Every structure is written in C-alpha cells, then in structure tokens.
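The values are calculated or read from the model by the stated rules, or taken from the named source; none is laboratory data. Just so it is clear, the structure is predicted and the values come from calculations on it, not from any experiment. Because the Cβ atoms are built from the backbone with ideal geometry, glycine has one as well, and the counts that use them run over all protein chains shown.
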Amino acid sequence: MILRQNGVKVECLIAGNGPMEKELKKLVGRMNLEGCVRFLGRLPHERLQALYETRSIDIVALPSIITRSGEKEGIPVALMEAMSYGIPTISTNTGGIQELLGGGCGIMVEEKNPLAIANAIAQLANNKIFYESIADKGKEKVQQEFNLSIISKKLLQLFGT
C-alpha cells in the first residue's frame, strides 16, 4: 500500500506457508492489494532457484523479527541464495543478519517497520546504480565468505592439514 501510494509499481510474491498465511491473505483483501500480492505457497527449492535464474525476482525482502520468546534468525540461507544470484536483499537488523548484509551487501532496516521496508524497496526500484551496487556487493560477499570450497580450505588450514 505504501509503495502504491508513492507511485512505485510493484508485485509482491510471498513464498512459503505458515501459521500467519490466512491472516496475511485476509489483510491483503482488506487493503485491496489482490492485484499486486500473490501467494505462491510452499515452493520446491528448484522452483525458487529457477525464479532467481530467470531474473523473475528483482528484490528479496525477509522482514525477520525477534519473537516474544527471544528467538531470532541466524544467518538466513534464503538471503544468501538470493544474493548468490545477484539479487539485492532487504532484511531487518536482527540476529545474524547484520553479519551477512553489513558493508552495503544488502539493506537492513529496523524490525516491524513496514515504512522502512517500503522505502528500501523504492530506493532500489528508483536508483539503478544503487541497485547494481547492492547486487554486486551481495554476490561478492556470498562468493567470498560463504562459498563451501573456500571455507573448506580455510578450515583445513586452521586445523593444520
């Protein structure tokens, strides 16, 4: 709604399912957003990767929160996968996400702040140079710091083999 009110044309794809799915669908209906929000349900991993490979996804947003019981994300593989395809990511500054998105490798916003997420999406949508910078830095970070072959070699060096 925020993006539409500010003239940013966007289609939001929500992948997965969970305990809030019905509530989210009702919210989309109440806000009259059926035309720009699509629920994909649970996707096989290969289908998600195909969406990334074909550049059917422009931005990945993962608005993670700290739960009432104090649970939080580690370093989300979902963000790493998107970044590995050169897709800019937006998430919250909770848990281990800062380690992944820091240094301009993604955009971090305060948790539970839809305006900040909307502003980040608009910034990426309206600034091609910024978009490409985030995409490139994110892809490079994943390749350098989360690549299995590179990490394996570093571990072997640490263990002295």
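Worth a mention:
- Scanning the range 1-35 for residues that are in contact (Cβ under 8 Å) with a residue 24 or more places away in the chain and under 18 Å from the mean Cα position of the chain (by Cα) yields a total of 9.
- The C-beta contact set for the range 50-76 (first residue aromatic (Phe, Trp, Tyr), second residue at pLDDT 95 or above and buried (at least 17 other Cβ atoms within 10 Å of the Cβ), distance under 8 angstrom, 6+ apart or interchain) comprises Tyr52/Glu81; Tyr52/Ala82; Tyr52/Tyr85; Tyr52/Ile87.
- Of everything listed in (1) within 18 Å of Asp58 (Cα to Cα); (2) within 15 Å of the chain's Cα centre (by Cα), the single unmet condition for Pro114 is (1).
- Hey, Gly106 closer than 20 Å to Glu81 by Cβ and without any contact (Cβ under 8 Å) to a residue 12 or more places away in the chain or not: no
- Matching residues in the range 1-43 - criterion: being of a type in the set (Gly, Ala, Ser) and surrounded by 11 or more Cβ atoms within 10 Å (Cβ to Cβ): Ala15, Gly16, Gly29
- The set of residues in the range 143-161 being outside any helix (DSSP H, G or I) and surrounded by fewer than 12 Cβ atoms within 10 Å (Cβ to Cβ) consists of Phe159, Gly160, Thr161.
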